[in-house]
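Peer 1: If you scroll down you'll find the structure; I have some questions about it.
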Amino acid sequence: MRDMSVAPYSPKWPTAFAAEAARLRMALGDLVVRIHHIGSTAVPGLAAKPVIDILLEVRDLSQLDASDRVMESLGYLPRGEYGIAGRRYYPKGGDARSHHVHAFVVGDEHVAKHLAFRDFLRSHPAVAAAYAETKRAAVTDHRHDPEGYQLCKREFIARTLHQAVAWVRGSKSDR
């Protein structure tokens, strides 16, 4: 297993997302409703593992499942739900991971949560900086242990997600 690392923000990440999103849209066509850049690489200025997280909103998971060969042709490994009911997960790059695709049906609550978390970090630089420090500490303690790395971040993510969802609800009620 390759060492995990947290890299300083790269302005190349949005471009890498856009290029991959175009490839996915071309390959999957009308099955895809929307494509979002999520995760730390989607937050300007935030340090991150240099892996582009992509969220697909699709019309139908069974149709997406039928497109596993298409995803494989793009270099993705279909992993099914991979621990989250209603999701389809596709990593790309093997041990040298470059992208993760997370797919949900339009309207799934996970879509709203991912976007709320991303948008909250984008709008709250101090929280994003605290998240970067949490990730740096986690990778220092768990460089070869992805599960340990995730556990170290879990409390911060849960607390911030709660704030993010409340923030989104508050902003919508202000309209």
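The values are calculated or read from the model by the stated rules, or taken from the named source; none is laboratory data. The shown structure was predicted, so the numbers you read here are calculated from the model rather than taken from an experiment. Here the Cβ positions follow ideal geometry from the backbone for every residue, glycine too, while neighbour counts run over all protein chains shown.
Peer 1: In the range 8-23, which residues are free of Cβ contacts under 8 Å to residues at least 40 places away in the same chain and in a loop (DSSP other than H, G, I, E, B)?
Peer 2: PRO8, TYR9, PRO11
Peer 1: Now, a different point. Could you pull out the residue among GLY94, GLY86, GLY170, GLY148 that is of a type in the set (Gly, Ala, Ser), modelled with pLDDT under 95 and over 23 Å from LYS49 (Cα atoms)?
Peer 2: On the way: GLY94 fails: over 23 Å from LYS49 (Cα atoms); GLY86 fails: modelled with pLDDT under 95; GLY148 fails: over 23 Å from LYS49 (Cα atoms).
Step by step, each of GLY94, GLY86, GLY170, GLY148 is checked, and only GLY170 is of a type in the set (Gly, Ala, Ser), modelled with pLDDT under 95 and over 23 Å from LYS49 (Cα atoms).
Peer 1: Exactly one of (1) in a loop (DSSP other than H, G, I, E, B); (2) exposed (fewer than 15 other Cβ atoms within 10 Å of the Cβ); (3) without any contact (Cβ under 8 Å) to a residue 40 or more places away in the chain is unmet by SER5. Its number?
Peer 2: The single condition SER5 does not satisfy is (3).
Peer 1: Right, next: Restricting attention to the range 24-67, report how many residues are assigned to a strand (DSSP E or B), of a type in the set (D, E, K, R) and surrounded by fewer than 20 Cβ atoms within 10 Å (Cβ to Cβ).
Peer 2: So the answer is 2.
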